[in-house]
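What follows is one structure encoded as structure tokens, with my remarks underneath.
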Amino acid sequence: CGAVVEDDAENMEETGSTLGNDSSTCTVTNNATGLVQIFQRWLSDADECDWYGVLCSGGFVRSIELAENNLIGEIVPELGMLPFLQIIDLSSNCIFGTIPSSIGQLSYLTNMDLKDNGLSGYIPMELFNLTNLVKLDLSYNVNYDGNCTRFDGTEKEIPTSNGLEGMILDSNIGRLEYLQDIDVTDNYFSGSISPEIGKLKQLGRMVVDNNVFKSTVPDEITQLINLKELWLSMNYFTGGIPENIGALKSLESFSMWENEDLTGHIPDSLYDLTMLEDLHLFRNSFSGSISTQIGRLTKLKTLTLAENKFTGTLPTELGLCQDLEFLRIEMTDIEGSAPKEVCDLTEKNLFSDDRDKEYFKADCLEDNVTMVAFFVCDCCSSCCDHVTSQCKILD
């Protein structure tokens, strides 16, 4: 059947036993309910609708869900011969090779999850024929060590992978207008984000971290009014934050960290994002001061502004963000001192409690020349030397 299988809220684990002497079957125990289920093994003589991980309706295969089953091998092109397939989940296995172009024949497909494997090569253009897709997850397909572990503990050598390639966000992305969730983290995708992205009106989550995208972020991205999570970190994006970013009223998590060539100020409209919980802008070239309007972001839990060219002082209005748990402003030109209103947050949620000891980090370490700290902070948990960038966690 497979190894550990996780299916929505149910956690099903193979017992390792079979019924009688019939090795074509296996038993699976649902850990949540204790219910024992019997399945036919793959490639047995039984009807494929009785195979483990396969769901049929009307005599047609509708779903193949084999996440975390220690599968080793390549995706066969015959997969495209299942015209009514709606869901395919092969995540967290050891699948290598390329995505076959025949995948484009699955016109009813709504969910494709191939994350956490070792896939490589260019994505087939036929993928954009899947105009009913709701979820597309191709994340974490880098495999550097070139090894897979079988059930018996032995190793199988497979090709190493730098991830999937191609221009996944070019103008063809506009054809996937029903898409609600796209995640391509940790691959080698390149090119730009096309203005066609603005056509994905139902998109609620877009995560493209750790690729090699190089372009400005198009203004059309602010048309995605249902977006709750937007992560564009660890790429080569240029320009600045779209001026109308505040149009994304549902946005809860926004990350653009480590793009280096991102410049400009924080648009005033960003402070209209009153649902925002996480804001990550560190390790870029942003400048300007932090507006007093930041106090409007009362749901904010994480704010990372470090390693930028921000100036001015830390607004006292930040103290209105009562849920703040993590604050990083080191290696910026933010000077002055930590306002009492911000330090008071350390009596609420801005403290360690066995979490990251660098929960409040600033340039509050005395430098070796002037013996004066660039930023005065009596409540920081970690301080850096503004000149040398050396940091230390405070007791």
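The values are calculated or read from the model by the stated rules, or taken from the named source; none is laboratory data. Predicted model, so just to flag it, every value in this text is computed and none were measured. Every residue, glycine as well, gets a Cβ built from its backbone with ideal geometry; the counts of neighbours run over all protein chains shown. Surface accessibility is based on the protein's heavy atoms, side chains included, excluding ligands, DNA and RNA. Shrake-Rupley method; radii C 1.70, N 1.55, O 1.52, S 1.80 Å.
Sorting 133-140, 168-175 by their mean Cβ neighbour count within 10 Å, with the most densely packed peptide first, gives 133-140, 168-175.
For the chain, with the dipole built from +1 on Lys and Arg beta-carbon atoms and -1 on Asp and Glu ones, taken about the Cα centre, which of 380, 248, 140 lies farthest toward the positive end? It is 248.
Take the Kirkwood radius over Cα pairs of the stretch 206-271, plug it into Stokes-Einstein at 20 °C and 1.002 mPa s, and you get 179 µm²/s for translational diffusion. As a rough guide to protection, the peptides 199-206, 311-318 ranked by mean Cβ packing within 10 Å, highest first, stand as 199-206, 311-318. Note on residue 301: lysines with a C-alpha under 25 Å away, same-chain residues under 8 apart excluded, are 228, 249, 309, 340, 348, 357, 361, 392. Comparing 294, 370, 231 along the charge dipole axis of the chain, the residue lying farthest to the positive side is 294, per the Cβ-charge model.
Using 0.36 nm per residue and subtracting the Cα-Cα separation, the extra length available between residue 46 and residue 390 on full extension is 117.3 nm. Between residue 60 and residue 33, the modelled labels are 2.7 nm apart [label points 7 Å from Cα along Cα→Cβ].
Which log10 I(q)/I(0) values does the stretch 276-334 give at q = 0.17, 0.19, 0.26 Å⁻¹ under the Debye formula, counting every alpha carbon as one identical point scatterer? Taken in order of the listed q values, log10 I(q)/I(0) reads -0.49, -0.62, -1.12. With R₀ set to 56 Å, the beta-carbon distance separating residue 265 from residue 108 gives a calculated FRET efficiency near 0.75. Just to check, using Stokes-Einstein with a Kirkwood Rh over alpha carbon pairs, what's the diffusion coefficient of the stretch 116-179 at 20 °C and 1.002 mPa s in µm²/s? Diffusion coefficient, whole number: 158 µm²/s. For the chain, what is the calculated [θ] at 222 nm in deg cm²/dmol (nearest 500), taking -39500 (n - 2.57) for each run of four or more DSSP H residues and dividing by its residue count? Helix-only estimate at 222 nm: 0 deg cm²/dmol. The convex hull defined by the C-alpha atoms of the chain has an orientation-averaged projected area of 22.5 nm².
Summary value for the chain: 6 percent relative contact order, contacts being C-alpha pairs under 8 angstrom separated by 6+ residues. To the nearest 0.05, how large is the calculated FRET efficiency for residue 349 and residue 122 if R₀ is 35 Å and r is the Cβ-Cβ distance? Efficiency computed from Cβ-Cβ geometry: 0.20. About the centre of its Cα atoms, the stretch 270-326 shows a dipole size close to 140 debye [charges on the beta carbon of Lys, Arg (+1) and Asp, Glu (-1) only; nearest 20 debye]. For the stretch 112-231, the square roots a ≥ b ≥ c of the C-alpha gyration tensor eigenvalues yield an a/c of 1.5 or more together with a/b exceeding b/c, which makes the shape prolate. Its Cα centre serving as origin, the chain has a Cβ charge dipole (Lys and Arg +1, Asp and Glu -1) of approximately 800 debye.
Only the Cβ atoms of Lys and Arg (+1) and of Asp and Glu (-1) were treated as charged; on that basis the dipole of the stretch 247-341 about its Cα centre amounts to roughly 200 debye. Rounded to two decimals, the Cα-based Rg/Rh of the stretch 237-383, with Kirkwood Rh, is 0.95. Rolling a 1.4 angstrom probe over the protein heavy atoms with all chains in place gives the chain an accessible area of 46 Å² per residue. Accessible-area rank, largest first, for 352, 337: 337, 352, with all protein chains present and a 1.4 angstrom probe. Mean-square fluctuations from a GNM of the chain, with a 10 angstrom spring cutoff on Cα atoms, peak among 341, 260, 165 at 341.
In the complete set of protein chains, residue-level accessible area for residue 68 is approximately 70 Å², probe 1.4 angstrom.
Taken over the Cα atoms of the stretch 316-395, the convex hull encloses 85 Å³ per residue.
Only protein atoms count toward the accessible area here, which uses a 1.4 Å probe; on the chain, the carbon and sulfur part of that area reaches 48 percent.
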